[in-house]
Amino acid sequence: MELPSSLKPFFLLLFVSYLLNVSTIISQSLKQEDVLFGGKFQALYVIGDSLVDSGNNNYLPTKVKSNFAPYGSDFEGGKPTGRFSNGKTIADYIAIYYGLPLAPAYMGLSEGQKNNISTGINYASASCGVFPATGKQLGECLSMDVQVNYFKETIDKNLKKRFKTKPELSKHLAKSLFMIAIGINDYVFLYNKTIDPNEFADKLLHEYMTQIQRLQRLGARKFFINNLKPLGCYPNTLARNVPSGSCNEGANLLISIFNTKLRKALAHFKEKLAYTSFLYSDYFKFMLGLRGPSSNQASSNLMDTTSPCCPSVYDGGQYTSCTPDSIACKVPDSHIFFDPFHPTQMANFMYAIGCFQERRVCKVV
């Protein structure tokens with residue numbers, strides 16, 4: 001049964017307070033328990049889309065940017081960085097968990113900075129995907145292939161200057177973590193109902209795993225693989241469904257087909273590729289879980305699970321998003337989604353708890 005609206009603010013404050021206490025518990029318990037996936041990584045390299053973009057699109061001619069308020073209102077210093085949230089992304093929390101600095105956006109680094117950084121770089125680019133054509137309708141972005149090309153350039157032009165011998169460089173790459181969070185935009189921009197779902201998933205998976213193999217040949221050995229989000233349960237979809245607030249199960253089924261194939265492919269590659277390991281993050285299941293017991297109805301959770309924080313008044317338009325003129329909600333922590341397409345920092349923090357503390361979201365393949 002839904003809570004009375006008059007009680008929600010009170011219980012929300014208790015809920016947020018609880019989560020902040022859990023954050024302290026996490027940092028304390030990490031000193032006493034084994035770190036997930038081994039830990040002791042020298043660097044975090046991020047390949048992905050807007051879920052983990054830390055500012056690369058700031059430097060590209062594209063309509064898809066978030067380098068303006070109210071984005072970043074709860075980030076360090078309260079300034080927008082190009083992250084598509086009010087604060088930290090899941091890539092940021094991964095870095096924090098493993099004791100690494102937040103990975104800076106590749107496009108924002110000078111050549112001197114690239115030469116001096118050995119703790120990781122973020123190559124993720126909003127609106128892009130695995131296929132080269134994905135997202136290009138909105139301007140320039142970095143596809144998965146281009147991101148891997150930039151990583152190779154980082155090795156050739158920068159890391160080889162810092163690690164003078166081949167064994168030193170190989171050791172650095174083998175002891176680095178490679179986070180991959182990309183593929184949902186391929187469905188958004190390129191899939192249509194005339195395409196066979198299995199064929200589309202197979203083609204996407206083939207290109208995806210081709211890039212994983214490229215990274216492996218370049219020296220990557222530890223992969224953090226984030227599966228695709230439940231597209232049918234995001235505000236831009238929820239607002240158009242009947243009844244309002246219910247998920248589009250057809251869209252979610254499409255994504256599930258790919259996620260199932262991805263999980264199986266990783267298990268196969270684990271056997272095929274020597275000294276290579278995968279940590280599989282079931283982001284799809286996590287985001288569905290935030291809605292409550294059923295994805296077919298609006299949740300009775302304390303957090304708003306259906307409408308974005310920004311814009312605070314959302315008309316459900318497919319292309320309506322947070323703009324420099326937008327007025328955001330007063331308490332972003334009360335929402336799962338900051339804008340119609342991306343989660344709030346609180347949702348990302350809850351993901352970190354589910355992945356690293358409770359260990360129900362992330363599993364070693």
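The values are calculated or read from the model by the stated rules, or taken from the named source; none is laboratory data. Bear in mind the structure is a predicted one, so any value in this text is a computation, not a measurement. Reconstructed Cβ throughout: ideal geometry from the backbone, glycine too, with neighbour counts over all protein chains shown. With ligands, DNA and RNA removed, areas are computed over all heavy atoms of the protein, side chains included. Shrake-Rupley method; radii C 1.70, N 1.55, O 1.52, S 1.80 Å.
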Exercise. When you go through Pro243, Pro230, Pro235 one by one, which is the residue that is at pLDDT 95 or above and not aromatic (Phe, Trp, Tyr)?
Worked result: Pro230
Exercise. What tally of residues in region 243-278 results from selecting those that are in a helix (DSSP H, G or I) and open to solvent by less than 80 Å² (accessible area, probe 1.4 Å)?
Worked result: 18
For this session: Those residues that are more than 25 Å from Asn115 (Cα to Cα) and at pLDDT 95 or above, I need them from region 79-88; list them, please.
Result: Pro80, Phe84, Ser85, Asn86, Gly87, Lys88
Exercise. For region 79-122, how many residues are of a type outside the set (Ser, Thr, Tyr), open to solvent by 10 Å² or more (accessible area, probe 1.4 Å) and not in a loop (DSSP other than H, G, I, E, B)?
Worked result: 10
For this session: Taking the residues in region 184-240 that are small (Gly, Ala, Ser) and not in a helix (DSSP H, G or I) as candidates, determine which candidate is farthest from Tyr319 (Cα to Cα).
Result: Gly219
For this session: Could you list all residues from region 144-197 that are open to solvent by 70 Å² or more (accessible area, probe 1.4 Å), in contact (Cβ under 8 Å) with a residue 12 or more places away in the chain and either β-branched (Val, Ile, Thr) or out of contact with any Ser or Thr (no Cβ under 8 Å at 6 or more places or on another chain) (or both)?
Result: Lys152, Lys157, Lys161, Lys175, Val188
For this session: Only residues that are free of Cβ contacts under 8 Å to residues at least 12 places away in the same chain and either open to solvent by less than 40 Å² (accessible area, probe 1.4 Å) or of a type in the set (Asp, Glu) (or both): list them for region 201-242, please.
Result: Asn241
Exercise. Can you name every residue in region 163-183 that is assigned to a helix (DSSP H, G or I) and more than 29 Å from the chain's Cα centre (by Cα)?
Worked result: Lys166, Pro167, Glu168
Exercise. Any chance region 101-111 includes a residue that's aliphatic (A, V, I, L, M) and over 23 Å from Val148 (Cβ atoms)?
Worked result: no
For this session: Would you check if there is a residue in region 64-78 being part of a helix (DSSP H, G or I), under 29 Å from Leu204 (Cα atoms) and in contact (Cβ under 8 Å) with a residue 60 or more places away in the chain?
Result: no
